[in-house]
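Report on one structure; see the data block that follows.
The values are calculated or read from the model by the stated rules, or taken from the named source; none is laboratory data. A quick note: this is a predicted structure, and the numbers were derived from the prediction, not measured. Here the Cβ positions follow ideal geometry from the backbone for every residue, glycine too, while neighbour counts run over all protein chains shown. Areas reflect the complete protein model, heavy atoms only, side chains present, ligands, DNA and RNA absent. Shrake-Rupley method; radii C 1.70, N 1.55, O 1.52, S 1.80 Å.
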Amino acid sequence: MSTTVKTRTRRPAGRWRTVDLVTAAVLGVAFGVVFWGWHFAYSALDPLFALFPPVAGLVSGVWLLPAVVGALVVRRPGAALLAELVAASVEALLGTQWSAGVLISGGIQGLGVEIAVALFLWRRWSLGVAVLGGVLAASLESVYEWSAYWAAWGLDWKLVYLGFFAVSGALIAGLGGWALVRALARAGALSAFAAGHEHRARG
């Protein structure tokens, strides 16, 4: 069994299957709906954010989940970017306070996770890689938001926001996304993917 898992995991990184494309898109749609619901919870926290706006970064890792989960499940170059862009598109269609700007954010966030997995040549899919992806995506998005949304902030607030967002990216998107993929594998939902084969091998 372990030989089978290793062979499947080492399939050429650029070789997409139909199931890969469909799954990345479905994950994006599902997370897009989650984003729509998350807007209500995010808005409910406005009084807290008003006290110290950079603290919003601590819960912003939610927006990075599609990229991390898409990368860990599909394991192909572009999977993180595709899942995040589809999620952002669904979010924009359902209605969001950030309007079409979420598409720019989706591209930036997906790119952050793509960089993380590319650093390991699409060969490692560990918790550490997931956390790194969340941190890079959060960092890139923070820098974009400095000018797009928080231009009036001083550099100190911007850096605090980046730090908070990076922590959230590591914990919510990285650790949370990794845990979600393992839960899906345990439930048998990833039988067509390496994550599912690896779970069966561990069992």
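Couple of notes before you dig in:
- Heavy-atom accessible surface of TRP16, to the nearest 10 Å², is about 90 Å², with a 1.4 Å probe and all protein chains retained.
- Largest-first ellipsoid semi-axes for the chain, taking √(5λ) over the Cα gyration tensor eigenvalues, angstrom: 31, 17, 15
- Farthest toward the positive end of the dipole of the chain, out of VAL69, ALA195, LEU159, is the Cα of ALA195, where the dipole comes from beta carbon charges about the Cα centre.
- Residues HIS39, HIS199 ordered from highest to lowest accessible area at a 1.4 Å probe: HIS199, HIS39.
- Total charge dipole magnitude, the chain, about the Cα centre, Cβ charges on Lys, Arg, Asp, Glu only, Debye to nearest 20: 1320
- Sequence of PHE120, PHE193 from largest to smallest accessible area, 1.4 Å probe: PHE120, PHE193
- Estimated vicinal HN-Hα couplings, Hz - the range 167-181 in sequence order (Karplus 6.51, -1.76, 1.60; Gly, Pro = x): 4, 5, x, 5, 7, 6, 7, x, 5, x, x, 4, 5, 5, 5
- Alpha carbon centroid spacing (whole Å) that separates the range 53-81 from the range 166-182: 8
- Where the Cα pairs of the range 95-203 fall when distances are cut into 5 Å bins, in %: 2, 12, 17, 18, 18, 13, 9, 5, 3, 1, 0
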